[in-house]
Amino acid sequence: MIISTIRRRIGEMKLRNKLMFSYFVASIIPTIVIGVTIYHLSAKSVEDASREFASMYISQATTNLNDFVDRYNRSTRSVLLETDIMGILNKRNPLTMEESIETQTMISRYFGRVSMEYPEVETVMLVSAGGTIYHYTKDPDKVNTDRLLEQVWYKRIQESETALFITPVHDKSYYGKSKDDATFTVGRILRNYNGSYAGMILLDMDPAHLINLNEDFLMLGNRYNIKMIITNDEGELIYHSDGATGKTAWKDIIADKYFADLSGTGKANIVLSKDADDGRLRIITEIPLKNLLATISNIKHVTIWSIMVFLFFIALLSILFSYKITKPVLNLRRSMKQVELGNYTSLIQTPLANDEISNLVKSYNKMIVKIKELIEDVYLAGLKRKQAQFLALQAQINPHMLYNTLESIRMRAVVKEQDDIAEMIKILARMFRHSLGKQHKHNLVMHEVEYAANFLFLQNIRYDNRFVLDVRLSDRVLDTSIIPLVFQPIIENSIKHGFHNYESQLHITIEEELTESGDVLIRITDDGFSMTADKALEINELLCLSDSGGMYQSTDEGNADGGIGLYNIAERLRLQYGETYVLRVRSDEEAGTVVEMRIPLQDDIEGELS
């Protein structure tokens with residue numbers, strides 16, 4: 001399916017695009033394959049080297065952590081050798097004033113020795129068997145013993161069976177001042193020689209002091225954004241490098257379990273882990289691959305720029321060669337488009353080369369010349385046929401009496417003092433003169449209006465002024481050219497078919513409507529008896545025969561004055577202006593009958609037909 005779609009798309013491409021596409025494919029695919037291969041090999045090499053570095057990094061951290069555990073294992077065990085301290089812790093009875101002062105003195109000396117020997121320790125606490133808590137802090141702060149006893153981690157270590165313990169990192173909510181800071185606690189359950197419980201020693205420290213790497217490792221860790229965490233065997237967080245370096249607040253790390261994203265290996269990171277303190281502690285290290293691969297980003301950029309420059313030269317060469325090959329074909333295509341539009345005047349310049357395309361252009365030019373000659377012959381014959389048809393249609397409605405004969409009759413009426421008859425003959429002569437004299441002259445809309453007004457004048461003499469003509473045409477439309485004898489037949493139909501009530505007047509309106517295409521729609525409306533919708537449909541079907549170029553033949557004499565007249569007008573409109581200029585009839589119950597004709601809104605068109 002995919003292959004067939006690609007083949008179809010390629011088949012639909014233009015010739016020039018096909019040449020360019022094939023040249024691109026043949027040139028760029030090997031370049032891209034070589035560039036991508038080199039980049040991936042380089043990235044693999046850097047990744048392998050980074051894994052080795054991460055292994056060394058975590059190995060040193062493990063050694064450092066084991067040393068930390070051994071050191072504080074010895075330091076907390078040394079309390080057992082302090083006879084005085086152990087004696088104080090084992091006392092369960094209340095102390096006298098002198099014993100209390102002596103006890104505080106001994107405890108303070110011990111705390112001082114621990115503080116000097118272990119400067120990273122922030123707080124030292126001793127818990128006696130009776131539950132009394134003695135503490136010392138370097139900062140001017142105090143431990144709230146009641147809150148200490150409520151800490152979850154404190155309750156857990158009381159139940160622990162392990163002598164030495166390291167608590168998860170926790171807050172300092174049991175302190176008086178530095179409650180928002182974080183710490184972890186190293187301690188030991190103290191027991192007497194007989195195994196009885198003697199108390200505990202607790203050492204609070206900043207988590208940053210748990211791992212002390214040398215400067216080279218720290219510099220590389222910052223450079224590659226290496227993250228390190230330490231958890232106990234239950235997965236609880238003891239150390240996080242982001243918290244130790246200040247990148248993330250400890251409270252956020254503790255609350256959100258920030259270390260959870262290091263629990264597995266992802267495609268974007270290298271994650272290594274190793275156990276310490278015989279499996280009781282676990283070190284996890286994460287190195288983002290994007291930081292490791294930054295060292296080969298220059299190779300990637302050079303490769304990309306090289307490919308882009310290479311693409312530019314390929315595009316330039318392919319455009320030049322494809323243009324030279326396809327230019328004659330494009331000229332041939334453009335000429336064919338002109339032929340499709342009916343333009344046979346322009347021939348293609350023959351290329352200088354004597355190849356297959358040049359021979360094709362020569363044959364094409366000869367074919368166009370021959371087609372042009374044939375079309376001109378057929379076109380002239382068609383014009384002659386159309387002119388003959390036009391004259392025949394014109395002759396159907398032209399009167400066959402000469403207006404000079406009417407003038408003689410009018411003069412006889414004047415002699416006989418028949419002024420009404422003389423006026424009627426005078427108007428009728430003007431109408432004949434109009435219909436016979438417009439074959440080679442301009443005929444304007446105003447002339448058609450005048451002719452229609454003269455016709456109504458004669459009808460008003462007959463029907464005692466029962467007809468009113470309302471002309472609502474602008475000067476621009478009145479000065480527009482139009483074929484002759486189009487308004488009068490329509491108005492005659494209005495009188496014949498719409499005037500039934502002899503006691504009322506028939507109003508005939510001629511109005512205009514300009515269209516967006518620059519034409520004018522002339523609408524002739526009467527308020528007389530309206531034809532039925534079926535009759536309007538029948539007449540419009542007859543007019544559609546005119547639009548299709550058909551010839552109408554009727555044997556219905558009653559329809560000769562109406563349908564035939566409208567048909568002749570529609571046929572002459574089509575012959576004169578084209579297929580888009582039509583005549584339509586519609587029935588309006590409120591307005592009567594409406595006849596609409598569409599003509600071009602131009603001032604200099606000659607009315608060639610009379």
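May I ask you to list the residues in segment 201-210 that are touching a helix residue (DSSP H, G or I) at 6+ places or on another chain (Cβ under 8 Å), at pLDDT below 90 and closer than 17 Å to ASN73 by Cβ? The one that is touching a helix residue (DSSP H, G or I) at 6+ places or on another chain (Cβ under 8 Å), at pLDDT below 90 and closer than 17 Å to ASN73 by Cβ: LEU210. Please go through segment 492-541 and give me each residue that is in a helix (DSSP H, G or I) and over 59 Å from the mean Cα position of the chain (by Cα), ordered by number. GLU492, ASN493, ILE495, LYS496, HIS497, GLY498 - these are the residues of segment 492-541 that are in a helix (DSSP H, G or I) and over 59 Å from the mean Cα position of the chain (by Cα).
Every residue, every condition in (1) in the same structural domain as GLU596 (by TED's automatic domain parsing); (2) in contact with a Ser or Thr (Cβ under 9 Å, 6 or more places away or on another chain); (3) modelled with pLDDT of 90 or more, yes or no:
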position	(1), (2), (3)
PRO484	yes, yes, no
LEU506	yes, yes, yes
THR509	yes, yes, yes
GLU513	yes, no, yes
SER517	yes, yes, no
ILE524	yes, yes, yes
GLY528	yes, yes, no
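Only residues that are within 12 Å of ILE283 (Cβ to Cβ) and without any contact (Cβ under 8 Å) to a residue 40 or more places away in the chain were counted in segment 34-86, giving 1. Within segment 480-502, the set of residues being aliphatic (A, V, I, L, M) and either in contact (Cβ under 8 Å) with a residue 40 or more places away in the chain or in contact with a Cys (Cβ under 8 Å, 6 or more places away or on another chain) (or both) comprises ILE482, ILE483, LEU485, VAL486, ILE490. Do the conditions hold for GLY549, that is, is it modelled with pLDDT under 90, of a type outside the set (D, E, K, R) and within 17 Å of GLU492 (Cβ to Cβ)? Criteria not met by GLY549. When the test is whether a residue is aliphatic (A, V, I, L, M), more than 60 Å from the chain's Cα centre (by Cα), assigned to a helix (DSSP H, G or I) and outside the structural domain of ASP278 (by TED's automatic domain parsing), VAL114 does not pass it.
All of LEU80, LEU95, LEU65 fail the test of being over 30 Å from ILE319 (Cβ atoms) and either out of contact with any strand residue (DSSP E or B) (no Cβ under 9 Å at 6 or more places or on another chain) or among the hydroxyl-bearing types (Ser, Thr, Tyr) (or both), apart from LEU95. Counting only residues that are surrounded by 20 or more Cβ atoms within 10 Å (Cβ to Cβ) and hydroxyl-bearing (Ser, Thr, Tyr), segment 482-524 holds 1 of them. Total residues in segment 184-210 satisfying the condition of being crowded, with 20+ Cβ neighbours inside 10 Å and not charged (D, E, K, R): the figure is 13.
The values are calculated or read from the model by the stated rules, or taken from the named source; none is laboratory data. All values reported here derive from a predicted model rather than from experimental measurement. All Cβ positions, glycine included, derive from the backbone under ideal geometry; neighbour counts span all protein chains shown.
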